[in-house]
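Only one structure is covered here, and it is reproduced in the block below.
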Amino acid sequence: MTRVLVVEDDPQLVRALIINLQARRYGIDAAPDGATALRLAAARQPDVVLLDLGLPDMDGVDVIKALRGWTRVPILVLSARQASEEKVAALDVGADDYITKPFSMNELIARLRAAVRRTEEATPGPGTTLFETAGFTIDLLARKVNKAGHDVRLTPTEWHLLEILVTNPGRLVTQQELLQEVWGVSQSSKTNYLRVYMAQLRRKLEADPAHPRYLITEPGMGYRFEG
């Protein structure tokens, strides 16, 4: 049974989540504040965490930081905070997804399933050097991309971006992370760099660049590689 830790101080929402998740055969633990959440996470070892940011005793971002000190469990943020900076702050410290309240229960369940599925699938280890998709193959050791039997010529910047994304499969990599890693800057004004280079990568790798299958944009937040 997949075990979910719900960290939320709104009793009505907690009740709705418990009813909907139990109906789908998830095991549930619930915490009304950050301190309880951290104790339960250590004791119960959940498979996924649903986390509100506005907790009575501490900010949810601090809960994410504390969890990330010892676990890679998927963390899905549920929050009424809609500002892009708030979303990026949560993602930058290690959240895997961000769902804005009010939300559709079906969408939440779908994202939860996807997060659990990604952790269940074989995660490439540090020694993994070959990534294969239905459309192309990436050889990190040889620093080559092959599509339909032909090598794809990538610029050093394109390669660096692709390498970061494919070694974090399924995880949303924020704009700030990519800017810092590739260009050594984190100014939000530089996001046009990302748009230009991601568009170039899609033209070279995607069968339909306008409707990408592998290099996915999360508007205002970052990019995700889906293998």
**OP:** For the stretch 118-138, enumerate the residues that are at pLDDT 85 or above and not β-branched (Val, Ile, Thr).
**Re:** LEU130, PHE131, GLU132, ALA134, GLY135, PHE136
Subject >> Criterion violated by TYR214 - all others in (1) open to solvent by 50 Å² or more (accessible area, probe 1.4 Å); (2) hydroxyl-bearing (Ser, Thr, Tyr); (3) within 27 Å of ARG113 (Cα to Cα) satisfied >> reply: (1)
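What about LEU141, is it at pLDDT 85 or above and either in a helix (DSSP H, G or I) or surrounded by fewer than 18 Cβ atoms within 10 Å (Cβ to Cβ) (or both)? Don't jump to the end; show me each part of the working.
Working: at pLDDT 85 or above: no; either in a helix (DSSP H, G or I) or surrounded by fewer than 18 Cβ atoms within 10 Å (Cβ to Cβ) (or both): yes.
For LEU141, the condition - at pLDDT 85 or above and either in a helix (DSSP H, G or I) or surrounded by fewer than 18 Cβ atoms within 10 Å (Cβ to Cβ) (or both) - is not met.
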**OP:** Have a look at VAL49, VAL61 and point out the one that is crowded, with 16+ Cβ neighbours inside 10 Å and either more than 28 Å from PRO219 (Cα to Cα) or at pLDDT 95 or above (or both).
**Re:** VAL49
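Name the single residue, out of those in the stretch 68-85 being of a type in the set (Ser, Thr, Tyr) and surrounded by fewer than 18 Cβ atoms within 10 Å (Cβ to Cβ), that is modelled with the lowest pLDDT. Walk me through how you get there before you give the answer.
Residues of the stretch 68-85 that are of a type in the set (Ser, Thr, Tyr), as a first pass: 71, 79, 84.
Checking the rest, the ones that are also surrounded by fewer than 18 Cβ atoms within 10 Å (Cβ to Cβ) come to 71, 84.
Numbers: THR71: 83, SER84: 76.
Once the filter is applied, the top-ranked residue is SER84.
If we keep just the residues of the stretch 17-40 that are touching a helix residue (DSSP H, G or I) at 6+ places or on another chain (Cβ under 7 Å) and under 15 Å from MET105 (Cβ atoms), which is surrounded by the fewest Cβ atoms within 10 Å (Cβ to Cβ)? Before the answer, list the steps.
The first filter runs over the stretch 17-40 and keeps only residues touching a helix residue (DSSP H, G or I) at 6+ places or on another chain (Cβ under 7 Å), leaving 20, 24, 28-31, 34, 37-38.
Going one step further and asking which of them are under 15 Å from MET105 (Cβ atoms), we end up with 20, 24, 28.
On the way: ASN20: 15, ARG24: 11, ILE28: 17.
Once the filter is applied, the top-ranked residue is ARG24.
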Original post:
Of the residues that make up the stretch 94-102, is at least one surrounded by 18 or more Cβ atoms within 10 Å (Cβ to Cβ) and over 15 Å from ASN168 (Cα atoms)?
Top reply: yes
Subject >> Residues of the stretch 37-58 classified as touching a residue at least 24 places away in the same chain (Cβ under 8 Å), farther than 16 Å from THR100 by Cα and not aliphatic (A, V, I, L, M), total >> reply: 6
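The values are calculated or read from the model by the stated rules, or taken from the named source; none is laboratory data. Predicted, not measured: the structure shown is a model, and the values here were computed from it. Positions of Cβ are generated from backbone atoms using ideal geometry, with glycine treated the same way; all protein chains shown enter the neighbour counts. Areas reflect the complete protein model, heavy atoms only, side chains present, ligands, DNA and RNA absent. Shrake-Rupley method; radii C 1.70, N 1.55, O 1.52, S 1.80 Å.
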